[in-house]
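In what follows, a structure is listed as structure tokens, so that the remarks can point back to it.
The values are calculated or read from the model by the stated rules, or taken from the named source; none is laboratory data. Quick caveat: nothing in here was measured; it's all calculated off a predicted structure. Ligands, DNA and RNA are excluded from the accessible area calculation, which covers all protein heavy atoms including side chains. Shrake-Rupley method; radii C 1.70, N 1.55, O 1.52, S 1.80 Å.
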Amino acid sequence: MEDIEKFIGGFRRFQHKYFGEHSSLFEELKQGQNPKTLLIGCSDSRVDPALLMDCDPGDLFVVRNVANLVPPYETDGAFHGVSSAIEYAAVHLEVSKIIVLGHSACGGIRALMQNPESKTEANFVGRWVRIAENAREQVRRELSHKDEERQIRACEMAAIIVSLDNLMSFPFIAERVEAGKLSLIGWYFDIQQGALYDFDQSINRFRPLVTAIASK
């Protein structure tokens, strides 16, 4: 119950801030949402996009899943939660940016690299992270001489690129990107250093966007 009390107290602070001090914001939000950015992030409890970006309600349309993965475009009649959110954000909300936000110490990518024994018959996690199997194979091929932790970090970054590529397999995404109406962005949050990296497509590598705070 300690967590629940903490959450209730947090909601009271939220209520005071947004329905009290900044009531005009929620007067607008009551009429509907109009975010300009879709952010696809990881379900990891340490990587809350709104907290990391210091956003107000209504700023981000957020999809979170294990390892912040985007599946390829499919029309097989199955249930597609991530794909439906992408469609809603791009086609209905007409966002102008899609950010794929990966991070260090990602349990999903570690599971992909280490292929641990499944704890359930369905093996949902194992099957899901295979979306980034190409990233794993690339890392194993190119960094076979590196230690496991270095390989996992490289795969975390490579999986972001896989998701960016998979986004372009959606016809309505590719159409908007090619028309200049939509930008695709890949970010990597380094939990250990508190730094943010951006994928630069022109050089095919991640570069520092916000550097770590120097230790005192």
*Is the shape of the stretch 1-45 rounded, prolate or oblate, going by the alpha carbon gyration tensor and its root eigenvalues a ≥ b ≥ c, with a/c under 1.5 for rounded and a/b larger than b/c for prolate?*
oblate
*Between the stretch 42-109 and the stretch 120-192, how many Å separate their Cα centres?*
13
*Solvent-accessible heavy-atom area per residue, rounded to whole Å², over the chain at 1.4 Å*: 62
*What accessible area, in Å² to the nearest ten, does a 1.4 Å probe give for residue 181?*
140
*What percentage of all Cα-Cα pairs in the chain are separated by more than 29 Å?*
33
*Please tell me the relative contact order of the chain in percent, rounded to the nearest whole number, where contacts are Cα pairs under 8 Å and at least six residues apart.*
19
*Enumerate the amide H contacts of residue 169 below 5 Å, restricted to partners 5 or more residues apart or on another chain; note that Pro and chain-start residues carry no placed amide H.*
73
*Give me the accessible area of residue 133, 1.4 Å probe, in Å² rounded to the nearest 10.*
70
*Rg and Dmax of the stretch 37-108 over Cα atoms: what are they, in angstrom?*
12.6, 38
*asked:* Please report the antiparallel percentage of DSSP beta bridges with both residues in the chain, rounded to the nearest 5.
replied: 35
*Just tell me which lysines come within less than 19 Å, Cα to Cα, of residue 30; anything on the same chain fewer than 8 places away is out.*
17
